[in-house]
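The structure appears below as structure tokens.
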Amino acid sequence: MDSQELAQYLETTDSISKSWLLVQLRLKKLEESRADLSPEVYAQRLADIHQDLMNLGEWWIGKEDEVFGA
């Protein structure tokens, strides 16, 4: 699945508000542009995405089924 398909899936399933899925989209887009980036720029962007993921914290604890359930 490429970033276009993932973005379309997020829209179709009304998942655009799910931050962890937006992180996946950012990772996919970064992966797709890796060949055009210097190693330093790639590493910085990856670190930025990682930091944003860590900033989400553990808000989901206690409501795993509600948040991640099918």
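Observations on the model:
- Taking every residue in the range 12-36 that is more than 16 Å from Val67 (Cα to Cα) and among the aliphatic types (A, V, I, L, M) and pairing it with any residue that is open to solvent by 50 Å² or more (accessible area, probe 1.4 Å) and modelled with pLDDT of 95 or more, at least 6 positions away or on another chain, the pairs with Cβ-Cβ distances below 6 Å are Leu30/Arg45.
- For the range 22-47, taking the residues that are within 21 Å of Met1 (Cα to Cα) and of a type in the set (S, T, N, Q), the one that is least open to solvent (accessible area, probe 1.4 Å) is identified as Ser33.
- Condition broken by Trp59, with the remaining ones in (1) assigned to a helix (DSSP H, G or I); (2) surrounded by fewer than 12 Cβ atoms within 10 Å (Cβ to Cβ) satisfied: (1)
- Every pair of residues 6+ apart whose Cβ atoms lie under 7 Å, when the first sits in the range 41-67 and is more than 15 Å from Leu21 (Cα to Cα) while the second is at pLDDT 90 or above and surrounded by 10 or more Cβ atoms within 10 Å (Cβ to Cβ): Tyr42/Arg34; Arg45/Leu30; Leu46/Leu30
- Scope the range 5-36; condition farther than 17 Å from Asn55 by Cα and of a type in the set (Ser, Thr, Tyr); matching residues: Tyr9, Thr12, Thr13, Ser15, Ser33
The values are calculated or read from the model by the stated rules, or taken from the named source; none is laboratory data. Computed from a prediction, not measured in an experiment: that's the story for all the values here. Backbone-built Cβ (ideal geometry, glycine too); neighbour counts: all protein chains shown. For accessibility, only protein heavy atoms count, side chains too; no ligands or nucleic acids. Shrake-Rupley method; radii C 1.70, N 1.55, O 1.52, S 1.80 Å.
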